[in-house]
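Notes to accompany the following structure.
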Amino acid sequence: MSILDWFRKKTTWHKIFPSADAAKKQIPLNTAETIEVNGKRICVAHSSQGIFAVNNKCPHNGFSLGQGFCTDDNTIVCPLHRYRFDLRTGRSVNAAGYYLDTFPLEAREDGLYIGLK
């Protein structure tokens, strides 16, 4: 079994938008929104580099990143203390040791899906 096959078996996929374009229309560029998927609060962000999904809670103080904003360097900014996190990796760009869980997104013919472990 390849690592990709193992990952797919350990991941459950949930439809979160009718399409990637619908997600981009609902979430304006450089903003974010909090959604709930399978009891988990997820921050979905629309940056200039696309749509990304990360854990909604800022690891610094637990504030909702869905209330934050995106920057030109593809980060999500916590509105409380301005901690910034790379949307691709989840790593903090200004505070060592902080990181966010990131979640894969997959555009399919019938919608945009998020993968949860």
Inset, instruction - Kindly provide the set of residues from the stretch 103-117 that are on the phi < 0 side of the Ramachandran plot and either part of a strand (DSSP E or B) or touching a His at 6+ places or on another chain (Cβ under 8 Å) (or both), ordered by number. - result: PHE103, LEU105, GLU106, ALA107, ARG108, LEU112, TYR113, ILE114, GLY115, LEU116
Inset, instruction - Would you mind stating whether GLY97 is of a type outside the set (A, V, I, L, M, F, W, C) and in contact with an Asp or Glu (Cβ under 6 Å, 6 or more places away or on another chain)? - result: no
Inset, instruction - Only residues that are among the charged types (D, E, K, R) and either in a loop (DSSP other than H, G, I, E, B) or loosely packed, with under 15 Cβ neighbours inside 10 Å (or both): list them for the stretch 51-102, please. - result: ASP72, ASP73, ARG82, ARG88, ASP101
Legend entry - Inter-residue pairs, beta-carbon under 9 Å, first modelled with pLDDT under 95 and in the stretch 23-43, second part of a strand (DSSP E or B) and surrounded by 14 or more Cβ atoms within 10 Å (Cβ to Cβ), 6+ apart: ASN38/HIS14; ASN38/LEU116
Inset, instruction - Pick out the one residue from ALA32, ALA45 that is in contact with a helix residue (DSSP H, G or I) (Cβ under 8 Å, 6 or more places away or on another chain), crowded, with 16+ Cβ neighbours inside 10 Å, more than 13 Å from LEU105 (Cα to Cα) and small (Gly, Ala, Ser). - result: ALA32
Inset, instruction - Test LYS24 against the stated conditions and say whether it is surrounded by fewer than 19 Cβ atoms within 10 Å (Cβ to Cβ), out of contact with any helix residue (DSSP H, G or I) (no Cβ under 8 Å at 6 or more places or on another chain), basic (Lys, Arg) and part of a helix (DSSP H, G or I). - result: yes
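The values are calculated or read from the model by the stated rules, or taken from the named source; none is laboratory data. Since the structure is predicted, the reported quantities are computational estimates derived from the model, not experimental observations. Cβ: placed from backbone, ideal geometry, glycine included. Neighbour counts: every protein chain shown.
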